[in-house]
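First up is the structure itself, then whatever we jot down about it.
Read-outs: derived from the displayed coordinates by stated rules, not from any lab. These numbers were taken from a predicted model, which means no experiment stands behind them. Backbone-built Cβ (ideal geometry, glycine too); neighbour counts: all protein chains shown.
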Amino acid sequence: MAELASLDSWVHLNPNILGQGRCSHYIDPALSEEQKETLTAELAEKDPVIERLKGISEDKPCESLGFTANWSVVVAGESIPVSQIGKLEGTTLLYGVTCLRNLVWPGAVTVGYKGGWTNLYVGYGHRLSQVNTAIRELGDLQV
């Protein structure tokens with residue numbers, strides 16, 4: 001769990017749709033090799049292909065909201081030193097989870113536990129903005 005407590009340990013896959021509407025540039029196979037090279041260089045300059053799998057620590061912070069990072073990591077639970085028969089001396093057991101929270105999209109949380117993870121989103125599908133909206137009243141719930 002300690003390795004998951006760092007933003008450098010987490011990655012996400014961003015969509016990268018190019019101007020052609022594709023993930024990679026289309027080069028007509030009927031073109032000559034010289035034309036292909038020229039077109040490839042031209043397209044790479046105008047509409048570059050970016051790496052889709054990026055670390056979340058590489059995300060550009062949302063400065064308009066005053067954030068220095070778009071993510072927060074919290075380890076919830078206890079780390080306790082144990083010395084049991086058959087275990088290495090000074091090993092640490094972790095009874096807890098690592099919570100990764102997106103600050104720009106409120107409600108987006110990833111929880112990691114013992115090598116596994118799950119995503120959870122509870123919200124209205126709106127980015128956080130400077131404009132605060134009133135919370136809608138749900139009214140009386142009937143059981």
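Counting other Cβ atoms within 10 Å, which GluC sites (Glu not before Pro) in the range 27-72 have at most 13 and lie in a DSSP loop? Write out the running numbers ahead of the final one.
Details: sites: Glu33, Glu34, Glu37, Glu42, Glu45, Glu51, Glu58, Glu63; in loops: Glu51.
Those satisfying the criteria are Glu51.
For the pair Val111 and Glu51, how long in nm is the line joining their label points, each one 7 Å along Cα→Cβ?
3.2 nm
Under 19 Å Cα-Cα from Lys114, which aspartates and glutamates qualify once same-chain neighbours fewer than 8 residues away are excluded?
Glu3, Asp8, Glu78
Please sort by residue number the trypsin sites (Lys or Arg not before Pro) in the range 19-57 whose DSSP state is loop and whose Cβ has at most 16 other Cβ atoms within 10 Å.
Details: sites: Arg22, Lys36, Lys46, Arg52, Lys54; in loops: Arg22, Arg52.
Here the sparse-neighbourhood loop sites are Arg22, Arg52.
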